[in-house]
1. Can you find a residue in the range 92-100 that is within 15 Å of ligand 1 (Cβ to nearest atom), free of Cβ contacts under 8 Å to residues at least 24 places away in the same chain and farther than 20 Å from Arg178 by Cβ?
2. Taking into account only those residues within the range 17-57 that are outside any loop (DSSP other than H, G, I, E, B) and of a type in the set (Phe, Trp, Tyr), which is farthest from ligand 3 (Cβ to nearest atom)?
3. Can you name every residue in the range 189-218 that is more than 12 Å from ligand 1 (Cβ to nearest atom) and among the acidic types (Asp, Glu)?
4. For the range 175-223, give me each residue that is of a type in the set (Lys, Arg) and assigned to a helix (DSSP H, G or I).
5. With the requirement that a residue be surrounded by 15 or more Cβ atoms within 10 Å (Cβ to Cβ) and aromatic (Phe, Trp, Tyr), what does the range 21-47 give you?
6. Take residues that are under 19 Å from Val77 (Cβ atoms) and tell me which of the strands (runs of 3 or more DSSP E) falling wholly in the range 100-156 contain 1 or more.
7. Name the single residue, out of those in the range 81-99 being touching a Gly at 6+ places or on another chain (Cβ under 8 Å) and assigned to a strand (DSSP E or B), that is farthest from Ala12 (Cα to Cα).
8. Give me the residue from the range 24-41 that is of a type in the set (D, E, K, R) and closer than 17 Å to Leu91 by Cβ and, out of that set, modelled with the lowest pLDDT.
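The values are calculated or read from the model by the stated rules, or taken from the named source; none is laboratory data. Note that the coordinates shown come from a computational prediction; the quantities given were computed from them, not determined experimentally. Quick reminder, even Gly has a Cβ in these numbers, built from the backbone with ideal geometry, and neighbours come from all protein chains shown.
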Amino acid sequence: MIRKIEEVAKQAGEVIREGYRKDFGIEYKTNKSDLVTEIDKRSEKLIMDFIKKEFPGHGILSEESGSFDKNAEYIWVIDPLDGTTNFAHGLPIFSVSIGVQRKGETIAGVVYDVMRDVVYSAEKGSGAFENGKRIFVSKNADLEQSLLVTGFPYNIKSNPHHVIERFNAFLFEARAVRRLGSAAIDFCYVASGIFDGFWEVILNPWDIAAGKLIVEEAGGRVTDFKGNEISIFSKQILATNGIVHEKMERILQRFQD
Ligand code: IPD
Ligand code: CA
Ligand code: CA
């Protein structure tokens with residue numbers, strides 16, 4: 001199955017690459033910072049058509065179209081274009097993220113880093129891979145030597161969730177903090193040892209499904225800000241190399257929400 005997921009993620013990535021910096025329709029979702037482009041929808045259609053043809057009977061939970069056959073044994077959890085704001089402005093950091101769950105457990109995940117043409121993949125219990133080569137989280141134990149990443153939610157103007165306070169706190173504790181704009185890529189860069197930690201206050205199942213498995217299979221840890229186990233339906237996520245995890249938890253917990 002993993003080869004099939006990789007195949008469709010790359011096909012969707014090709015559609016996205018073809019649309020990059022071209023004219024495409026843009027609509028607003030909840031507000032003027034929350035966009036969906038024609039290319040998000042095209043990518044999603046390609047993936048959904050593929051599943052219907054290759055895996056009839058499998059369910060789907062996809063960002064732009066919602067949920068189908070939610071009681072099916074297998075559910076594909078899809079972000080057809082993660083990093084839409086980057087894509088819409090021509091910043092070349094965006095991805096396709098596909099996780100497959102069986103009876104509620106993620107068994108496979110693929111993130112396609114479109115402009116770098118890199119496939120991150122993992123199957124439960126079999127390790128994580130970058131273009132077929134095994135990857136591992138960093139071994140860094142020191143926050144002062146850590147490169148961290150975060151993201152900001154679209155409802156930040158109505159509910160800021162202490163994102164700036166947390167960002168500020170980590171600026172003083174870590175070597176540096178980044179904000180790339182694609183949560184699925186943030187997870188994969190933790191998995192491959194580029195980032196030592198990634199936190200975000202509000203994510204959705206399609207942002208989490210593939211990336212969480214890829215980090216765990218690379219030897220990392222993914223929890224909420226208090227260190228509790230999470231499902232793909234949790235909102236807060238902290239994904240790290242495991243070693244800086246508790247240090248990051250303590251800083252995140254300085255702020256309540
Ligand atoms: C967004 C990106 C971003 C994160 C947001 C997500 P989208 O996904 O992953 O990095 O900060 O929380 O919603 O809307 O581009 O698919
Ligand atoms: Ca997303
Ligand atoms: Ca998306």
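1. The first filter runs over the range 92-100 and keeps only residues within 15 Å of ligand 1 (Cβ to nearest atom), leaving 92-99.
Restricting the remaining residues to those that are free of Cβ contacts under 8 Å to residues at least 24 places away in the same chain gives none.
No, every residue in the range 92-100 fails to be within 15 Å of ligand 1 (Cβ to nearest atom), free of Cβ contacts under 8 Å to residues at least 24 places away in the same chain and farther than 20 Å from Arg178 by Cβ.
2. Selected residue: Phe50.
3. Asp196, Glu216, Glu217
4. Just the residues of the range 175-223 that are of a type in the set (Lys, Arg), to begin with: 175, 178-179, 212, 221.
Correct list: Lys212 only.
5. Step one: of the range 21-47, the residues surrounded by 15 or more Cβ atoms within 10 Å (Cβ to Cβ) are 24, 35-37, 39-47.
Across the range 21-47, the qualifying residue is only Phe24.
6. Values: elements: 105-113, 118-123, 128-130, 133-135, 147-150.
Ranges flagged: 105-113, 118-123, 128-130.
7. Filtering first and then ranking leaves Gly99.
8. Step one: filter the range 24-41 for residues of a type in the set (D, E, K, R), giving 27, 29, 32, 34, 38, 40-41.
If we keep only those that are closer than 17 Å to Leu91 by Cβ as well, we get 34, 40.
Values: Asp34: 88, Asp40: 98.
The residue in question is Asp34.
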